[in-house]
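The values are calculated or read from the model by the stated rules, or taken from the named source; none is laboratory data. Given the structure is predicted, the values throughout are model-derived calculations rather than measurements. Cβ atoms come from the backbone with ideal geometry, glycine included; neighbour counts cover every protein chain shown. Side chains included, ligands, DNA and RNA excluded: accessible areas come from the protein's heavy atoms. Shrake-Rupley method; radii C 1.70, N 1.55, O 1.52, S 1.80 Å.
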Amino acid sequence: MSSPATLSGRVAVITGGASGIGRATAVLLAQHGSRVFVGDFRLTPETQQSLQALEIDASACDVRNVADLQRLIDGAANAAGRLDILVNNAGIGMVKQVQAVSEEDWDNCLDTNFKAAFFGAKFAIPHLIAAGGGSIVNTASNAGLLPRAHDPVYSISKMALIGLTKSLALCHSKDRIRINAVCPGPVIDTGMMNADLAAAADRGATAKQFIAASPLANAHARMIRPDEVAEAILYLVSDAACMVTGTAIAIDGGKSLGVPPKS
Ligand code: NAI
């Protein structure tokens, strides 16, 4: 177990930190001593207040807008005097078959899930170099490891994100910058999962299908929790992972291993 002081003196930016996995990560990193800056395009006054109560700074940012992203990252580094950690977590789903996908859908999904991670890294890297090194974690998905038939564009965006992770990890090891990905799913209590369940004809049956597709979720008779993904991100940004880069860690209860056994 890492000590609560693991990230003392470190400064982190987390995109999509208003809810779900991003919020759980912001809270966990702050509990471990990091100063945390969250950017999200869906920030209610209540969310902002609840994060501020935990001394987490939250500001409006649409990661599809490169200028917004730069403002978030440079603003955090300037306010705190340094930047050590970037978590490119903001993401959206895209459950559509190929013939139904418009150019706007494609741009929306790829700009949020993929392009923003590249430009986030681009803007963070000079600050991380100035700090003597640092860590970037990209929230990918089990869909980035094993594509799914129901959401091809989402799968493409997350596979591309894993490629980006490995490529940038190679480029910036010399700067002592580590770049890794987490591949979660299915995660409960998130905006994304809540939307999927709300859209389902039978919420209970759909939740059971999500659980059945992940061997460990099935064994525990529950989905994965946001804090269980946040723990993996905490490890990856901490000094315990000093020699870990370019990895894509599945926090998916074995969902991406293959076809689960019949229960
Ligand atoms: P969520 O919907 O609770 O969190 C996503 C956050 O990103 C939200 O706060 C949303 O407002 C923000 N966001 C979306 N587009 C944005 C934009 N253009 N600019 C700024 N913020 C934006 O859902 P969840 O599940 O916590 O999603 C976090 C990440 O986890 C996403 O990248 C998602 O693809 C990934 N993921 C989630 C899984 C799940 O089962 N919930 C499974 C695999 C991956």
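Side notes on the structure shown:
- Residue 133 being in contact (Cβ under 8 Å) with a residue 24 or more places away in the chain, within 25 Å of residue 8 (Cβ to Cβ) and crowded, with 21+ Cβ neighbours inside 10 Å: no
- The range 114-144, subset in a helix (DSSP H, G or I) and either in contact with a His (Cβ under 7 Å, 6 or more places away or on another chain) or of a type outside the set (A, V, I, L, M, F, W, C) (or both), residue nearest to the ligand (Cβ to nearest atom): 142
- Subset of the range 213-261 (residues that are under 30 Å from residue 171 (Cα atoms), among the charged types (D, E, K, R) and not in a helix (DSSP H, G or I)): 252
- The residues in the range 166-198 that are in a helix (DSSP H, G or I), more than 10 Å from the ligand (Cβ to nearest atom) and either touching a residue at least 24 places away in the same chain (Cβ under 8 Å) or under 26 Å from residue 85 (Cα atoms) (or both) can be counted, and the count is 10.
- Selection within the range 25-41 - open to solvent by 10 Å² or more (accessible area, probe 1.4 Å), out of contact with any Lys or Arg (no Cβ under 8 Å at 6 or more places or on another chain) and small (Gly, Ala, Ser): 30
- Residue tally, condition in contact (Cβ under 8 Å) with a residue 12 or more places away in the chain, over 21 Å from residue 15 (Cβ atoms) and either of a type outside the set (S, T, N, Q) or within 14 Å of the ligand (Cβ to nearest atom) (or both), over the range 93-113: 4
- Condition met for residue 58 (surrounded by 19 or more Cβ atoms within 10 Å (Cβ to Cβ), touching a strand residue (DSSP E or B) at 6+ places or on another chain (Cβ under 6 Å) and not in a helix (DSSP H, G or I)): yes
- Residues being closer than 18 Å to residue 86 by Cβ and not in a loop (DSSP other than H, G, I, E, B) - total across the range 21-55: 17
- Within the range 147-165, considering residues that are out of contact with any Lys or Arg (no Cβ under 8 Å at 6 or more places or on another chain) and assigned to a loop (DSSP other than H, G, I, E, B), the one surrounded by the most Cβ atoms within 10 Å (Cβ to Cβ): 148
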